[in-house]
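J.: Dropping the structure in here first, questions after.
Taken together, the values in this text are just the output of simple stated rules run on the coordinates, not laboratory data. Values in this document were obtained by computation on a predicted structure and should not be read as measured data. Positions of Cβ are backbone-derived with ideal geometry, glycine not excepted, and every protein chain shown enters the neighbour counts.
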Amino acid sequence: MKKHDENEFGSRVGYRQIIDEIPRGSRVLDLGCGDGMLLDVLKRLKNAETFGVEISQEGVSQCLEKGLYCFQGDIDSGLADYRADSFDYVILNQTLQDTKKPEYVLCETMRIGKRAIVSFPNFGHVGIRVKLLTGGTMPRNRLFPYMWYETPNIHLLTIRDFQEFCIMYGYPIGKESHFSMQRGRPVPVRAFPNFRAEYGFFVLDGDRYKERRECNA
């Protein structure tokens, strides 16, 4: 990726990893796509066929201004309108922890996508543990910048939590690439990621996943 292309999205969390992961010409759905910047970059750099779902009217409007297809909706309400294997990749980037029904959202994500990319802030990071141990209060930092009473994060999780969740539900993990952000750039964390990585990054293999039951809303 050329330097000037990287500067287009700056330090947005997970963007570089996602762009590197997705092959050219892929059909991509971004759940909780915000202003559509990731989809716009994928469309231009990877010639991807892009679609987004966003709950806020402001985000939808920003997507439309970029010429992107974006549906306004709540992913907690389901994705029943999409057929199985409708997309090569379904993205949940910094979105899962905001959902009310993460179990259902992930089940639907695996149904409609051949691959799922899931990234989230790691609540098991050493900085979070130290803050809780020494201060006894919910952490407030660049990982979790909100006060406890205003945060959109309603289902906090760790890297280990998600690994165990995938084992429990039979979601094959095709790749793990956990990282921390330093000076606006992602730095891979390979040793003890549940303790040292700020963010978890997973690619789930939907082609290997055989759904055994319907998703329960």
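J.: When the Kirkwood radius is taken over all Cα pairs of region 70-141, what Stokes-Einstein diffusion coefficient follows at 10 °C and 1.306 mPa s, in µm²/s? Intermediate results must be reported in sequence, preceding the final value.
T.: Details: Rh = 14.1 Å.
So the translational diffusion coefficient is about 113 µm²/s.
J.: Between Asp81 and Asn47, what FRET efficiency comes out of the Förster formula 1/(1 + (r/R0)^6) with R0 = 30 Å and r the beta carbon distance, rounded to 0.05?
T.: 0.75
J.: Taking loop as defined by DSSP and a crowding limit of 12 other beta carbons within 10 Å, which trypsin sites (Lys or Arg not before Pro) in region 14-85 fit?
T.: Arg24, Arg83
J.: So, one more: Going by Cβ distance under 4.7 Å, what cysteines of the chain have no possible disulfide partner?
T.: Cys33, Cys166 - these cysteines have no disulfide-compatible partner (Cβ-Cβ under 4.7 Å) in the chain.
J.: Is the C-alpha gyration tensor of region 1-131 telling us rounded, prolate or oblate? Criteria: a/c under 1.5 is rounded; beyond that, a/b larger than b/c is prolate, otherwise oblate. Present the calculation step by step, with values, prior to reporting the outcome.
T.: Values: a/c = 1.42, a/b = 1.04, b/c = 1.36.
Rounded is the answer for region 1-131, as its axis ratio a/c remains below 1.5.
J.: Which shape class applies to region 87-204: rounded if a/c is under 1.5, otherwise prolate when a/b exceeds b/c and oblate if not, where a ≥ b ≥ c are the square roots of the Cα gyration tensor eigenvalues?
T.: It is prolate, given that a/c is not under 1.5 and a/b is the larger ratio.
J.: While we're here: For a quick protection proxy, order the peptides 113-125, 141-153, 168-180 by their average other-Cβ count within 10 Å, most packed first.
T.: Highest to lowest by the protection proxy: 113-125, 168-180, 141-153.
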